[in-house]
1. Which whole-number percentage describes the relative contact order of the chain, with Cα contacts under 8 Å and a sequence gap of 6 or more?
2. Output the pairs from 40/199; 199/351; 199/278; 205/278; 98/199; 98/488 with a Cα-Cα distance over 29 Å in this structure; if there are none, say none.
3. What FRET efficiency comes out for the pair residue 392/residue 40, r = Cβ-Cβ distance, R0 = 51 Å, nearest 0.05?
4. List the equivalent ellipsoid semi-axes of segment 413-459 in whole Å, largest first, each obtained as the square root of 5λ for an eigenvalue λ of the Cα gyration tensor.
5. Could you run the Karplus curve 6.51 cos²θ - 1.76 cosθ + 1.60 with θ = phi - 60° over segment 346-362 and give me ³J(HN,Hα) per residue in whole Hz, x for Gly and Pro?
6. Give me the angle, in degrees from 0 to 90, between the Cα long axis of helix 394-409 and the longest principal axis of the Cα atoms of the chain, rounded to the nearest 10.
7. For the chain, what does the helix formula give at 222 nm: sum of -39500 (n - 2.57) over DSSP H segments with n ≥ 4, over the residue count, nearest 500 deg cm²/dmol?
8. If the viscosity is 0.692 mPa s and the temperature 37 °C, what Stokes-Einstein diffusion coefficient in µm²/s follows for segment 26-489 when Rh is the Kirkwood radius over Cα pairs?
Amino acid sequence: MDEENKRTRRAVKPITLDKLPAATDETLAQEFKKSRRERKTLPDTITNRELYRDIIQIAWPSLCELFLTSLVSMVDNMMVGNLGDWAISAVGLATQPKFIFMNLIMALNTGTTAMISRARGMQDRERADRILRQCMVLVTFIGIFSAALGYALSESMVRFMANEGLEPEVLRAGTRYLQVQFLFFPTLALTSTITAALKGTGQAKPSMVYNSVANLVNIYFNWLLINGRWGFPRLEVVGASIATGIGQTVATVMALWCVFSGRFYCTMRLKKLLSFDKDIISGIVKVGIPSMIEQLFMRVGMIIFTRTVTSLGSVQFATHMICMNIQSMSFMIGQGFAVSSTSLVGQSLGKKRPDMAEHYSRRCRNFGLAAAVLIGLLFFLFRRTLVGFYNKDAELLALGSYIMIYVAVLQPFQANQFILGGSLRGAGDTRFTAIVMLITIVGIRTALAYLLVTLLHMELTGAWIAVAADQIARSLIIMARYNTGKWKKIKL
């Protein structure tokens with residue numbers, strides 16, 4: 001065995017899928033004719049324990065990474081929240097505009113993960129390297145252009161988000177926060193693409209490490225810059241944004257080392273850096289464009305929804321942002337197992353084993369749902385304590401404790417749509433998820449929020465009824481699509 005193959009074997013742990021032969025056209029045809037009961041039967045040489053081991057091997061680093069990221073986000077908001085509810089509102093205004101510009105990056109990342117996972121399933125490392133190279137070049141140019149445009153439009157976007165419901169000091173602070181975020185935007189974009197590539201091969205540990213280090217750096221510079229310590233100036237909200245940017249830069253440096261070091265399955269080489277591969281670009285576009293439309297629908301819907309909530313004033317908007325931040329921490333359950341589902345489904349389909357794709361995805365969902373029920377119970381029992389970590393205002397505490405009931409109840413639906421949605425994306429079925437996003441975010445959440453908040457004056461309760469309707473509908477629609485099995489026949 002040559003040195004290159006030795007390095008590859010050290011870099012990528014074998015999974016149960018590697019024990020099975022690739023399917024022939026005849027066996028594929030037979031597989032698609034099986035009944036649902038027959039599809040639940042595992043191959044004779046495979047056990048449940050082995051499949052769960054594969055899932056955990058990918059999921060646990062992702063769960064740790066997402067937990068730490070969510071925890072840091074909570075600490076970040078708590079540190080900002082000590083400045084007052086105006087500061088929480090200012091940061092909240094900058095969130096959706098920033099993610100609009102992340103839309104195209106996230107679409108590319110979806111294509112990256114789907115294509116690299118299939119290359120891994122086919123044991124075609126050279127193709128995986130080419131995909132990584134194309135994606136990194138594309139995302140670098142897009143990141144720089146987006147940063148310049150976003151910085152120039154920051155004030156206009158924040159004013160649009162405010163919907164004339166917030167004070168001038170909130171608008172000024174939100175604009176400055178967003179401008180700093182765009183200065184560091186290229187580093188965030190590049191890191192996210194490298195992370196998508198690594199996770200496509202089933203290697204989630206590197207991103208866990210560099211994102212964890214970045215989060216610690218973020219907290220440290222928060223402490224220095226928000227209130228001004230050790231001779232640093234007191235920069236308040238702007239200081240929190242600079243701290244986030246410094247952490248992102250640290251993550252980018254470490255991520256680049258991962259792909260240039262040659263220690264992992266995907267390796268970046270300077271040779272042919274600017275080469276154009278039509279086959280790879282077309283594959284990325286095939287998966288990425290529907291994903292971009294999906295993300296666009298989601299962000300447009302979220303902007304309209306957020307503008308509806310800002311009309312309620314600083315206290316209710318701050319309460320909303322606190323509950324959303326706590327809810328985002330619970331995303332780690334669904335997203336963590338979605339990473340496993342996306343990677344393992346993609347690798348299984350790359351090896352022409354749709355039966356294994358279904359076995360992996362179903363077990364990812366079972367694992368995720370059990371964890372989501374537990375998280376929901378904890379959120380319900382400790383809802384007042386969690387809200388109190390952010391702000392001790394009596395009105396905010398009372399309202400936040402009530403809204404947290406919605407957050408707790410929605411946990412299983414949230415996990416279900418994340419994990420099965422990850423399976424669909426791993427298969428390249430992104431067009432359907434784009435349609436679902438249009439129906440649920442734009443058609444249900446925003447329309448229902450406008451009706452309940454603006455016309456029926458149900459205030460923040462009405463907004464969260466709309467959130468619940470969106471999450472439940474999305475979960476049921478995605479599950480119905482998954483059960484059809486059409487995603488197993490998509491070719492990339």
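Taken together, the values in this text are just the output of simple stated rules run on the coordinates, not laboratory data. Values in this document were obtained by computation on a predicted structure and should not be read as measured data. With ideal geometry, Cβ positions are generated from the backbone for all residues, glycine too; neighbour counts draw on all protein chains shown.
1. 22
2. Values: 40/199 26 Å; 199/351 17 Å; 199/278 24 Å; 205/278 31 Å; 98/199 24 Å; 98/488 34 Å.
Those over the limit are 205/278; 98/488.
3. With a Förster radius of 51 Å, E is 0.50.
4. Working from the Cα gyration tensor, I get semi-axes of 29, 12, 4 Å.
5. Each residue's phi maps through the Karplus curve to give x, 5, 5, 5, x, 8, 6, 10, x, 4, 5, 4, 6, 4, 5, 5, 5 Hz.
6. 20
7. When only DSSP H runs of four or more count, the value is -27000 deg cm²/dmol.
8. The calculation lands on 145 µm²/s.
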